[in-house]
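Visitor: So that we are looking at the same thing, I have put the structure below in structure tokens.
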Amino acid sequence: MGSKGSFATDIATIRKRAREKLEMGAVTENYGGDVQTAIALLNEALATEIVCVLRYKCHAVVATGLSSEAVKEEFAQHATEEAEHMDLIAERINQLGGRPNFNPEGLTTRAASQYEEGETLVEMIRENLVAERIAIEHYRDLIRYFGDKDPTTRTLLERVLAQEEEHANDMHDLLVTHEGRPMLKR
Ligand SMILES: [Fe+2]
Ligand SMILES: [Fe+2]
């Protein structure tokens, strides 16, 4: 060990360790973080995504009015993308040896974002923007946490974060269109 400078472990040790604890699947000896913490954090992110799917699905159906067709489509597309995030995170939890928590009981307490329906089109857009901003903050924190402890999870969350930022931007633009005033100073 240490003879090759920057590598922490020699190949022979890695080969030997890979044959032990096969029941751990993808989680190997040098997993940098605490796996149970990682699973718990990812289950919170999973709950957030489930809430986002439900909220966008609801909005895609109930949004009415002459100008709402394009908005409905946008909501529906976001619902699909939130469902993809949900799948990615659930798969990762499974890879880490955890059980993805899809239990509807306690869902909104586990989730970072809230389930707010909103009455008018503008309220819906606004609630989605709020939810996206919560998700963005949450993912930034998680990405910092996973850092180089778990680069796979970090990379996955970075992809999700990039899409949440697009979502927030979409909602912001819709809000400008439908509320008629610029929100961001550009
Ligand atoms: Fe998402
Ligand atoms: Fe989103």
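Visitor: Starting from the 7 Å offset along Cα-to-Cβ, what nm value, one decimal, do you get for the label separation of Glu116 and Ala76?
Guide: Inter-label distance under the simple model: 2.6 nm.
Visitor: Testing the spin-label approximation: label points 7 Å from Cα along Cα→Cβ at Glu137 and Glu20. State their distance in nm.
Guide: Distance between label points: 4.4 nm.
Visitor: Still on this structure: Kindly provide the helix-only [θ] at 222 nm of the chain, computed as the sum of -39,500 (n - 2.57) over DSSP H runs of four or more divided by all residues, to the nearest 500 deg cm²/dmol?
Guide: Roughly -23000 deg cm²/dmol at 222 nm, from the helical runs in the chain.
Visitor: Something else about it: Counting other beta carbons within 10 Å of each Cβ, put Cys52, Cys58 in order, fewest first.
Guide: Cys58, Cys52
Visitor: Right, another one. Report relative contact order for the chain in percent, whole number only (criteria: Cα-Cα under 8 Å, sequence separation at least 6).
Guide: Averaging sequence separation for qualifying contacts and normalising by length gives 23 percent for the chain.
Visitor: A further question on this structure: Ranked by Cβ crowding within 10 angstrom, fewest neighbours first, how are Phe146, Phe75, Phe102 ordered?
Guide: Ascending number of Cβ neighbours within 10 Å: Phe102, Phe146, Phe75.
Visitor: At a Förster radius of 30 Å, what calculated FRET efficiency corresponds to the Cβ-Cβ distance of Thr13 and Arg99, to the nearest 0.05?
Guide: Here the calculated transfer efficiency is 0.45.
Visitor: If the chain between Glu165 and Ala40 were fully stretched, how many nm would it gain, using 0.36 nm times the residue separation less the Cα-Cα distance?
Guide: Net length gain for the segment: 42.6 nm.
Visitor: A further question follows. If I histogram all Cα-Cα distances within the chain using bins 5 Å wide from 0, what percent of pairs lands in each bin?
Guide: Binned Cα distances yield the sequence 1, 8, 15, 17, 15, 12, 9, 7, 5, 4, 3, 2, 1, 0, 0.
Visitor: Oh, and also: Considering only Thr13, Thr152, Thr109, give the residue with the highest GNM mean-square fluctuation for the chain, with springs between Cα atoms whenever their separation is below 10 Å.
Guide: Looking only at Thr13, Thr152, Thr109, the biggest GNM fluctuation is shown by Thr13.
Visitor: Let me ask you something else. Can you give me the span-like helices of the chain, meaning DSSP H runs with 30 Å or more of Cα extent along the axis and Kyte-Doolittle mean at or above -1.0?
Guide: Qualifying helices, which must be both long enough and hydrophobic enough, are 35-62, 69-95, 121-146, 151-179.
Visitor: Same structure again: What is the fewest-to-most order of His78, His138 by other Cβ atoms lying within 10 Å of their Cβ?
Guide: With the sparsest Cβ surroundings first, the list reads His138, His78.
Visitor: Within the chain, count lysine pairs with alpha carbon atoms under 27 angstrom apart where the residues are 8 or more positions apart or belong to different chains.
Guide: Summing the qualifying lysine pairs gives 7.
Visitor: What number do you get for region 30-77 when its Cα radius of gyration is normalised by 2.2 N^0.38 Å, N = residues?
Guide: Against the empirical 2.2 N^0.38 Å value, I get 1.79 for region 30-77.
Values quoted throughout were computed directly from the atomic coordinates according to the rules given, and no laboratory measurement underlies them. In this text, all values refer to a predicted model and were calculated from it rather than measured experimentally. So basically every Cβ, Gly included, is an ideal-geometry build from the backbone, and we count neighbours across all protein chains shown.
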